[in-house]
Amino acid sequence: MVVLWIVNNALPEAEFLLSGRKTEIKTTGGWVYGYASALLEHHEVDLHIASIHFGVRKLTVLKGERITYYLVPCPKGSLVYDRDQEEIWRRIGGMVNPDVVHIHGTEFAHSLASFRVFDPEKTVISIQGLKSAYWEYYTQGFTPSELRRGWTVRDLLKGNMLHEQKLFRKSGELEAELLRECRHVIGRTSWDRARVWALNPSARYHFCNEVLRPEFYDGRRWDYERCSRHTIFLSQAEYAIKGLHQVLKAMPLVLREYPDAKVRVAGWNITDAPWYRIHGYGKLLRRCIRDNGLSDAVTFVGHLNAEEIKEEYLRSNVFVCPSSIENSPNSLGEAQILGVPCIASYVGGVMDMMKGNEDNLYRFEEVSMLAAKICRVFADRGFQTDMSSEAADRHDPKKNSAVLMSIYGELVSPVKSLEI
């Protein structure tokens, strides 16, 4: 079967073929590589992967070891619909002649442009996040006066958090247009299913879980005896939706009970930029750290590859997913499959991933509840529900790639369409 994937970012092999420099996927995006590896390992597939790339000026074709890559120029940016790009997608279609087209992600203009070129009955759209919903939650946890205090010189030039929220909304409009037109959607939570149904009740919804990065399937497990006691880990926090500010607001209560408690955050330290470069969210975080006396309790550990972030999970006493909105965060799946105690905000599709461990869910705005649940984990190692077996089943590469191939088979040999 010839399959064309359309993804948002080029894979490391493509980047190496283009520039000769080895790159690693850090913080996000590794699931694409994991899924591609699982598909090629377990099934007979001729896989082609296309992505936009701001470093090329014309369509660039690169032959990898098992995958052919297509890098598509994007001169107008990812949020502007470019009709000229449709011709490039037609050229790719002529080169590949795919049996199935699988568009991963819905929020950028190239997804809509490519969808309009290919046969809609042979094209399926995978839901990742949903910016058509996310934009509403972008500034959750901040009052209007706090947002005003977060203005910086950089924001005057490039836009503040409210401007970024508008960009999310603009991206969401492209996404909604795509979802209203599509015939087939792949999702994995009750939340994304409801959101798709609200936009397009006639779309065929296919359920398929995701595959994690290969490094998380080596059998290593979290061990209380080896963890760093009273350490909280967050996998990313570079924009407000990820909710670091809520953890910082909860920390004074945690420190009251556990004075040695620490927060470790993957990603670059957005609070440590010069005054003329600091982002508004970074300024608000810096103020929160200062006002709550947390300078010795918070560490940004930088962008991490899969092995490095796995070590952070295993070192932590608890992983917290404090987002204002999520669909099904792979970071939570990674922590769960390792057996790390997990706490998560009750938002979006997260509750589907926490079935059996509902005691560790809390409302996003309830920072006192968050603090209490963190302290409960610290106090009682036996309180935790081990989610590793559920996560291993949910993210099983062989099973999920088989489900994906079954979906592809339905597109190639259609069965009677069913509404959601």
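The values are calculated or read from the model by the stated rules, or taken from the named source; none is laboratory data. All values reported here derive from a predicted model rather than from experimental measurement. Here the Cβ positions follow ideal geometry from the backbone for every residue, glycine too, while neighbour counts run over all protein chains shown. Only protein heavy atoms, including side chains, enter the accessible area calculation; ligands, DNA and RNA are left aside. Shrake-Rupley method; radii C 1.70, N 1.55, O 1.52, S 1.80 Å.
Ignoring ligands, DNA and RNA, what percent of the accessible area of the chain is carbon or sulfur (1.4 Å)?
Carbon-and-sulfur percentage of accessible area, whole number: 49.
Kindly give the semi-axes, whole Å and largest first, of the ellipsoid equivalent to the stretch 220-363, taking each as the square root of 5 times a Cα gyration tensor eigenvalue.
23, 17, 16
How big is the stretch 174-273 by Rg and Dmax over its Cα atoms, in Å?
Here Rg and the maximum Cα pair distance are 20.0, 55 Å.
Run the simple label-point estimate for residue 217 and residue 276 please: 7 Å along Cα→C-beta, distance reported in nm.
Each label point lies 7 Å from its Cα, and together they span 5.0 nm.
Among 334, 225, 41, whose mean-square fluctuation peaks in a Gaussian network model of the chain (Cα, cutoff 10 Å)?
225
Expressed as a fraction of 2.2 N^0.38 Å, the rule-of-thumb size for a compact globular protein of N residues, what is the C-alpha radius of gyration of the chain?
0.99
What does the C-alpha gyration tensor say about the overall shape of the stretch 122-195? Classify as rounded when a/c is under 1.5, otherwise prolate if a/b is larger than b/c, or oblate.
Note, shape of the stretch 122-195 comes out prolate.
Okay, helix-only estimate at 222 nm for the chain: each DSSP H run of n ≥ 4 adds -39500 (n - 2.57), divide by all residues, round to 500 deg cm²/dmol; what do you get?
Calculated at 222 nm, the ellipticity per residue is -12000 deg cm²/dmol.
Using a/c under 1.5 as the rounded threshold, could you call the stretch 134-175 rounded, prolate or oblate? The axes a ≥ b ≥ c are square roots of the C-alpha gyration tensor eigenvalues, and prolate needs a/b larger than b/c, oblate otherwise.
It comes out oblate by the Cα gyration axes.
For the chain, what are the DSSP H helices with axial Cα length of 15 Å or more and mean Kyte-Doolittle hydropathy of at least 0.0?
Qualifying helices, which must be both long enough and hydrophobic enough, are 30-42, 244-257, 367-379, 397-412.
Whose amide H sits under 5 Å from the amide H of residue 50, counting only residues 5 or more places off or on another chain, with H placed in the peptide plane?
5, 6, 7, 70
Please report how far the C-alpha centroid of the stretch 286-360 lies from that of the stretch 197-260, rounded to the nearest whole angstrom.
3 Å
Where both partners of a DSSP beta bridge lie in the chain, what percent of those bridges are antiparallel, to the nearest 5?
If we restrict to bridges inside the chain, about 10 percent are antiparallel.
Binned at 10 Å from 0, what are the whole-percent values of the Cα-Cα distance distribution for the stretch 268-337, short to long?
Answer for the stretch 268-337: a P(r) of 16, 39, 37, 8, 0 percent.
Roughly what percent of Cα-Cα pairs across the stretch 353-415 reach past 13 Å?
73 percent
Projected area of the stretch 59-210, taken from the Cα convex hull and averaged over every viewing direction, in nm²?
Here the figure is 11.4 nm², rounded to one decimal.
Hey, could you grab the Kirkwood Rh for the stretch 1-111? Inverse mean 1/r over distinct alpha carbon pairs, Å, one decimal.
The answer is 14.4 Å.
Treat each spin label as a single point 7 Å out from the Cα along the C-beta direction, and report the residue 9 to residue 406 distance in nm.
Inter-label distance under the simple model: 3.1 nm.
Need the full-extension length gain, residue 65 to residue 368, defined as separation in residues times 0.36 nm minus the C-alpha distance. One decimal, nm.
Roughly 103.9 nm would be gained on extension.
What accessible area per residue comes out for the chain, rounded to a whole number of Å², with a 1.4 Å probe?
44 Å²
For residue 243, list long-range residues whose amide hydrogen, built 1.01 Å from N in the peptide plane, is under 5 Å from its own amide hydrogen.
When sequence neighbours closer than 5 places are left aside, the close amide H contacts are 324.
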